[in-house]
Structures are given as structure tokens and as C-alpha cells.
């Protein structure tokens, strides 16, 4: 059995930031960091607080989405809030169903 190189333990993400504002880029970096923290922590408090922070950051990114910024100034519809409410409804349905959902191919 050959030893693994350091690169075999890395998962690299590439995101085209050309159409993103700086606050969106910073938030994406924070989300990536918090994802790793939540996935690897062994402490209950960190797991729960990190999960809540991760969800809060995802909601913030949705609120800062280009779609919402552009259309809210045009027609005043709170698309971000509507998208978050819809997302929470779907998440709630998945949590209350007995189905196990996996996204692993």
C-alpha cells in the first residue's frame, strides 16, 4: 500500500467570481470554511452553533443574490424573503418525511 500524498486529501473548489460583488465572494469563502468546520467538528456545541451559522450565511448569500438586488429595485417584490421561505418549507418537508435523501453519486 502506497502512502497518500498531501494532494490526495485536498478538494479544490473553483468559482468564477466575475459577476460577484466583493461581499458575495467573502461570504462564499466563509461558507466554505464553515462547511468544513461543521463536517469535521467533534464537539456538540461547535456542531450546533456552526450549523446555525452556516444556515445564516447561506440565507445572507440568498439575500445578496444578483437576482434579488436587480429585481427588487425594479418592482419592489421581496424575492429573497420569498426564496428563503420556500427553502425553509422544502427543508421542513424533508426533515419531517421518513425518506432518506442522499446526493452522493
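If the condition is being in contact (Cβ under 8 Å) with a residue 24 or more places away in the chain and out of contact with any helix residue (DSSP H, G or I) (no Cβ under 6 Å at 6 or more places or on another chain), then the stretch 21-52 contributes 21, 23, 24, 28. Does residue 18 fit the bill of being at pLDDT 95 or above and assigned to a loop (DSSP other than H, G, I, E, B)? Judged against the criteria, residue 18 is a match.
Name the one entry in 99, 69 that is in a helix (DSSP H, G or I) and at pLDDT below 80. Lay out the reasoning, then the answer.
Numbers: 99 fails: in a helix (DSSP H, G or I).
Going through 99, 69 in turn, the sole match is 69.
Per the conditions (1) part of a loop (DSSP other than H, G, I, E, B); (2) within 17 Å of the chain's Cα centre (by Cα), the sole criterion not satisfied by residue 56 is (1).
The values are calculated or read from the model by the stated rules, or taken from the named source; none is laboratory data. Remember, it's a predicted structure, so these values are computed and weren't measured experimentally. Note that we place each Cβ from the backbone using ideal geometry, even for glycine, and neighbour counts take in every protein chain shown.
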